[in-house]
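The values are calculated or read from the model by the stated rules, or taken from the named source; none is laboratory data. It should be emphasised that the depicted structure is a prediction, and the values quoted were computed from it without experimental measurement. In this analysis, Cβ positions are derived from the backbone assuming ideal geometry, glycine residues included, and neighbour counts consider all displayed protein chains.
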Amino acid sequence: MIVLNPKLCNYSDNMNWAKNITNMEEGSYRTINGNANELIAIGRCIKAGFACSKVEVTNGRYDAVIDPGNSKRLLRVQIKGAGNGSVSFTGGGRSGQQISRTAESRTYKYSKEDCDLILAVDSNNGDCYIIPINDIQSWGTSKSLSKLQDYKENWDLLGNIVESINS
């Protein structure tokens, strides 16, 4: 009889992805890492059985859409990278040399007017956190991944959102 160590069965507990091994400039790497997080999230949605597509509008209020099938509308998905151990629930903030430091802040917290859910990707291992937008309304502007364990890899939550708009 083979006895498996449960810790070894969960790939993400033991896997950290290679990052910036080419020593790309930090600002450029941050941009392409965000793009990679979007592609990972979309791929994970598709693997879970949801028709998901990237939205090619820069600085939009959502990054992807899910076609729930029989619904009359698409689900809007805001994808957030979480490489530092927490997820930000804000948009509109940009950094870099090209951004004027004297310009008024355009940062805002996401709401149901912006998107239907936040899909956070742990940039270290690809774990996904499916967070309905209504759940974040009573939270601050960010939350630690350690406090989001009920959302980690909980694809049933996405199924529930799809069901709710199809009924």
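Just a few scattered comments:
- Helices (runs of 4 or more DSSP H) lying entirely in region 1-73 (those with 1 or more residues that are aliphatic (A, V, I, L, M), over 24 Å from ILE118 (Cβ atoms) and at pLDDT below 85): 6-9
- Meets criteria (basic (Lys, Arg) and under 14 Å from VAL87 (Cβ atoms)) for LYS112: no
- In summary, ARG76 fulfils each of the numbered conditions (1) crowded, with 16+ Cβ neighbours inside 10 Å; (2) not in a strand (DSSP E or B); (3) not aliphatic (A, V, I, L, M) with the single exception of condition (2).
- Within region 126-153, the set of residues being under 13 Å from the mean Cα position of the chain (by Cα) and either under 18 Å from ASP63 (Cα atoms) or part of a loop (DSSP other than H, G, I, E, B) (or both) comprises GLY126, ASP127, CYS128, TYR129, ILE130, ILE131, PRO132, ILE133, LEU148, TYR151, GLU153.
- Count of region 85-109 residues which are at pLDDT 90 or above and either assigned to a loop (DSSP other than H, G, I, E, B) or loosely packed, with under 13 Cβ neighbours inside 10 Å (or both): 2
- Screening region 113-125 for residues that are in contact with a helix residue (DSSP H, G or I) (Cβ under 8 Å, 6 or more places away or on another chain) and in a loop (DSSP other than H, G, I, E, B) and picking the one that is nearest to GLY34 (Cα to Cα) gives SER123.
- The one condition in (1) in a helix (DSSP H, G or I); (2) more than 16 Å from ILE66 (Cβ to Cβ) that LEU157 fails to fulfil: (2)
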